[in-house]
Amino acid sequence: MKNIVTAILFGCIATPALAIEANDTLVIEDAKKVKIETRDTVQRIVISGTKEDPDFHYMQRISIPDTNAVRRTLKNVRDFNKIAIKKNGKETKWSHSFHVNIGLNAALDAPEEYDFKVWPSFEIGIGSTWDWHPYGNQNEWSIGWGLNWRTYAMNDETHWKKDNDVMHLQPYAPDMKERSTSLNVFAIQLPLLYTHYFDKKQDWSITLGAIVNWNVVATGQRHYELDGEDYEVETKKIGQHPFTVDGYVRIEVPNLPAIYCKYCPMEFFKKDRGPKMHQLSFGICL
């Protein structure tokens, strides 16, 4: 059986020490590098360096007559994500992360009469990425998936109307009360990102990249009250581009949620299907 595990761990214990206790227990605190190699019948453990003694070196070889007796326990998935697997002499490192983002929306470059409002426009998204660290922990390439919901609020004087497959605005009737108008979009996302960490603890970072949006559903919606009755009207097949691409930037600092900004240079509506507008979103990422 070839080498199956090469683990590189960094100790975080306050005071480094080396002690041999009863029952031949060896305690090495604050080790800088621990390497475990398991072969057919032999396991080798190498410990290199401590905080106060970078030249410290310890090596132990253990015979394993029955390889089925080898047991490995990881504290949690986060520990597993920090293990580097060595294949054909090259180290690769993968991790997996889950994201939730909450933010506000704006529609830029739209005609003045559309009057898109940043508040109460909002977006919420969830997603997951697989993160690759081929050249150390400070450089990370990511690909994944996401689900995103965006709502663009507008003024309450007009509402969406579709005529001959063209979306435009039409005034509410004077006797319609409690009015609201919005544009809603649901998208499946494919993020392609690069992250650079400025410190080994990965507390400071910047992420750049693109997010491909598959705009599965988009609707124009209006709510109003007429003669004491509440009405909700939804306009479908509004002519949005099925695919758009957002430029993406995220900045992370210690002890605070990461902040992000997305901008789509592509127009949201197809040509002659609605007003010219570009999507902008910004908020926090957890």
Problem - Residues (among the hydrophobic types (A, V, I, L, M, F, W, C), farther than 22 Å from residue 214 by Cα and touching a residue at least 24 places away in the same chain (Cβ under 8 Å)) located in region 98-142 - result: 116, 119, 132
Practice task
Might you let me know whether region 198-211 holds any residue that is within 22 Å of residue 118 (Cα to Cα), out of contact with any Lys or Arg (no Cβ under 6 Å at 6 or more places or on another chain) and open to solvent by less than 60 Å² (accessible area, probe 1.4 Å)?
Solution key: yes
Problem - strands (runs of 3 or more DSSP E) lying entirely in region 60-118 (those with 1 or more residues that are at pLDDT 90 or above, open to solvent by 60 Å² or more (accessible area, probe 1.4 Å) and of a type outside the set (Val, Ile, Thr)) - result: 94-108
Completion exercise
Residue hits (region 92-126; farther than 22 Å from residue 278 by Cβ and touching a Pro at 6+ places or on another chain (Cβ under 8 Å)) are 92, 93
Practice task
Please go through region 160-180 and pick out each residue that is aliphatic (A, V, I, L, M) and either surrounded by fewer than 15 Cβ atoms within 10 Å (Cβ to Cβ) or closer than 30 Å to residue 251 by Cβ (or both).
Solution key: 166, 173
Practice task
Report whether or not residue 183 is in a strand (DSSP E or B), at negative phi and open to solvent by 20 Å² or more (accessible area, probe 1.4 Å).
Solution key: no
Exercise for the section: Scan (1) of a type in the set (D, E, K, R); (2) touching a residue at least 60 places away in the same chain (Cβ under 8 Å); (3) more than 17 Å from residue 169 (Cα to Cα) for the single condition residue 222 breaks and write down its number. Expected result: (3)
Handout entry: Those residues of region 38-51 which are at pLDDT below 75 and surrounded by 10 or more Cβ atoms within 10 Å (Cβ to Cβ), in sequence order
Key = 38, 39, 41, 42, 51
Practice task
Could you grab the pairs with beta carbons closer than 8 Å, sequence gap of 6+ or different chains, first residue in region 236-250 and on the phi > 0 side of the Ramachandran plot and of a type in the set (Gly, Ala, Ser), second one open to solvent by less than 40 Å² (accessible area, probe 1.4 Å) and assigned to a strand (DSSP E or B)?
Solution key: 239/167; 239/269
Exercise for the section: Could you list all residues from region 264-286 that are touching a residue at least 24 places away in the same chain (Cβ under 8 Å) and within 20 Å of residue 192 (Cα to Cα)? Expected result: 264, 266, 279, 280, 281, 282, 283, 284, 285, 286
Exercise for the section: Would you kindly identify the strands (runs of 3 or more DSSP E) lying entirely within region 222-286 that contain at least 1 residues that are out of contact with any helix residue (DSSP H, G or I) (no Cβ under 8 Å at 6 or more places or on another chain) and crowded, with 17+ Cβ neighbours inside 10 Å? Expected result: 243-252, 258-263, 278-285
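The values are calculated or read from the model by the stated rules, or taken from the named source; none is laboratory data. Computed from a predicted structure; not experimentally measured. Note that we place each Cβ from the backbone using ideal geometry, even for glycine, and neighbour counts take in every protein chain shown. What goes into the accessible areas is simple: the full protein's heavy atoms, side chains included, and nothing from ligands, DNA or RNA. Shrake-Rupley method; radii C 1.70, N 1.55, O 1.52, S 1.80 Å.
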